[in-house]
1. Taking the range 95-154 as the region of interest, how many residues are β-branched (Val, Ile, Thr) and without any contact (Cβ under 8 Å) to a residue 40 or more places away in the chain?
2. Look through the range 221-241, keep the residues that are touching a helix residue (DSSP H, G or I) at 6+ places or on another chain (Cβ under 6 Å) and in contact (Cβ under 8 Å) with a residue 40 or more places away in the chain, and return whichever of them is surrounded by the most Cβ atoms within 10 Å (Cβ to Cβ).
3. Evaluate the range 81-99: report whether one residue or more is modelled with pLDDT under 85, more than 19 Å from Asn6 (Cα to Cα), part of a helix (DSSP H, G or I) and not aromatic (Phe, Trp, Tyr).
4. Filter the range 248-270 down to residues that are under 24 Å from the mean Cα position of the chain (by Cα) and part of a loop (DSSP other than H, G, I, E, B) and give me whichever is nearest to Pro232 (Cα to Cα).
5. Among helices (runs of 4 or more DSSP H) lying entirely in the range 388-489, which contain 2 or more residues that are touching a helix residue (DSSP H, G or I) at 6+ places or on another chain (Cβ under 7 Å) and among the β-branched types (Val, Ile, Thr)?
6. Those residues that are open to solvent by less than 10 Å² (accessible area, probe 1.4 Å), of a type in the set (Phe, Trp, Tyr) and at pLDDT 95 or above, I need them from the range 137-174; list them, please.
7. For residues that are open to solvent by 40 Å² or more (accessible area, probe 1.4 Å) and under 23 Å from the mean Cα position of the chain (by Cα), scanning just the range 1-15, find the one that is nearest to Val106 (Cα to Cα).
Amino acid sequence: MTITLNNPKFRYEMENLTRIFLPGQDLQTPDGSADLFADEHIATATVTLDGHTATHTADCCLPTTHATYNSAEQEYGIITPEIRLGQALYQCLQELTGTPPPPWGVLTGVRPTKLFRRIAERDGESAAAEYFARELFVRADKIALARAVFHGQRKILGRGAPQSFSLYVGIPFCPSRCAYCSFVSHSITEQKAQKLIPAYVERLCEEIRVTGKIARELSLRLESVYFGGGTPTTLSALQLDSLLSAVDGSFELSTCREYTVEAGRPDTVTAEKFEVLRRHGVGRVSVNPQTFDDDVLRIIGRAHTAEQARTAYHLAREYGFAVNMDFIAGLPGDTPEGFARSIDEATALAPENITVHALAIKRAARLAANSAQGEPARFADGLSKVNSALTDAAYRPYYSYRQSNSLGALENTGWAKSHFASAYNIYMMEEAHTVLACGAGAVTKLKEPCGDKIERVFNFKFPYEYLSRFAEILTRKEEITSFYRNRGIL
């Protein structure tokens, strides 16, 4: 297949759109095949596939009769040559492939609901819905999802302040590596990983202390704490105690509204670890079965059973935690009916949060290497039924995001019972305020207090790099102070 664009600088975005229609298809976009904006008012895409060619154009001029679009363009740039080129390419691919239109239309980004919110806050929900339908070709049910997420977030987003922030602490270790995982996480079955953990915990405590000192000097206000990974409860109770104590001693927790620790792998959960979490004020944990089908768990390399997930859930309840549970649609060996049964069991258990993920196969995952990708396309209709079941069980969507190469070009959505939406998930996914991040692979996101600008400060990905180059990580922390000082906060 060959794609010719009259604006090659948007090649990356157009390739992402093409892969939604044709997963795994090799692409060619000839460099220099067209002048960069030979006509700045016209976007043109030509696609040749299996000997057939389609060409479509889109007018880049703003529709002057719609004041909504004009004002939004000035503020957000939502009608751009990139969008117009996407519209032209979309029509070419629709014509040549005859496949059903993708649910999110021409949108290829991670945060479609963030765009919906920004337009809705300025021009109203109806204008946002109209733009999504007419300009972005988003399907009606996904527009409804975006609207529901917008409503589910408003209360939490409305209580933020310019100096609000969240703390993320990363633990890049797991009891074993799942077949679908592409994160930088290390199985503790590997001896090298086991040897790294004590030194990693020691350094991480030091990074937490340095970060807390910076937050105090800047008079930042902590809203939420989130321990993620990997699997934080891979660590021993004593190691968890050390890290939580470092947080206690480094940050002002009186303003913290939410404290979450992922205990995602049920085989890492013990009463001793939950006792440590409760003693340090943790109020929410994740227990992530992914499925309640033992055969599927074996296929994907999860070293636990469905019964262990149930036991971990009930133990979390005994300790008084609110519980998040994650599930993945489209896992190898699963069926839409089997996935629906897992969600039915989850709603019967009644955790405060249930997150439904569409399987996304990344190059770094073992599933991709083994080409054992199952039949994810069969799940698209089933997910609609699952969403209805969650709604019937009094869960409401409150955050949503997308990943590349996901089942049916669908999304991951967090559902919560009333008053139990996870603040951290909203802050992080909507990029609503600063997130100070500690640990290997962690990324600090510094958000302009009264604007939209975001700057990132990266930690080294791998634990051995984190340890060997730790001094550089501490030096990079100085960028936090510089960011706020340059904006008049200090």
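1. Quick first cut of the range 95-154, residues β-branched (Val, Ile, Thr) only: 97, 99, 106, 108, 110, 113, 119, 138, 143, 149.
In the following step, the residues that additionally are without any contact (Cβ under 8 Å) to a residue 40 or more places away in the chain were identified as 138, 143.
Qualifying residue count for the region: 2.
2. Here is the first cut: in the range 221-241, the ones touching a helix residue (DSSP H, G or I) at 6+ places or on another chain (Cβ under 6 Å) are 221-222, 224, 226, 231, 233-234, 237, 239-241.
Filter once more, keeping what is in contact (Cβ under 8 Å) with a residue 40 or more places away in the chain: 221-222, 224, 226, 231, 233-234, 239.
On the way: Arg221: 17, Leu222: 22, Ser224: 26, Tyr226: 25, Thr231: 25, Thr233: 31, Thr234: 28, Gln239: 21.
Here the answer is Thr233.
3. no
4. Top of the filtered list is Ala263.
5. On the way: elements: 423-429, 463-468, 470-476, 478-485.
Qualifying helices (runs of 4 or more DSSP H): 478-485.
6. Result: Phe165, single match.
7. This residue is Glu13.
Rundown of residues vs (1) open to solvent by 30 Å² or more (accessible area, probe 1.4 Å); (2) free of Cβ contacts under 8 Å to residues at least 40 places away in the same chain; (3) out of contact with any strand residue (DSSP E or B) (no Cβ under 6 Å at 6 or more places or on another chain), yes/no style:
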residue: Ala437; (1), (2), (3): no, no, no
residue: Asp452; (1), (2), (3): yes, yes, yes
residue: Lys461; (1), (2), (3): yes, no, yes
residue: Thr475; (1), (2), (3): yes, yes, yes
residue: Gly488; (1), (2), (3): yes, yes, yes
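The values are calculated or read from the model by the stated rules, or taken from the named source; none is laboratory data. For clarity, every value in this text was computed on a predicted model and none was experimentally measured. Every residue, glycine as well, gets a Cβ built from its backbone with ideal geometry; the counts of neighbours run over all protein chains shown. Please note that ligands, DNA and RNA were not included when accessible areas were found on the heavy atoms of the full protein model with its side chains. Shrake-Rupley method; radii C 1.70, N 1.55, O 1.52, S 1.80 Å.
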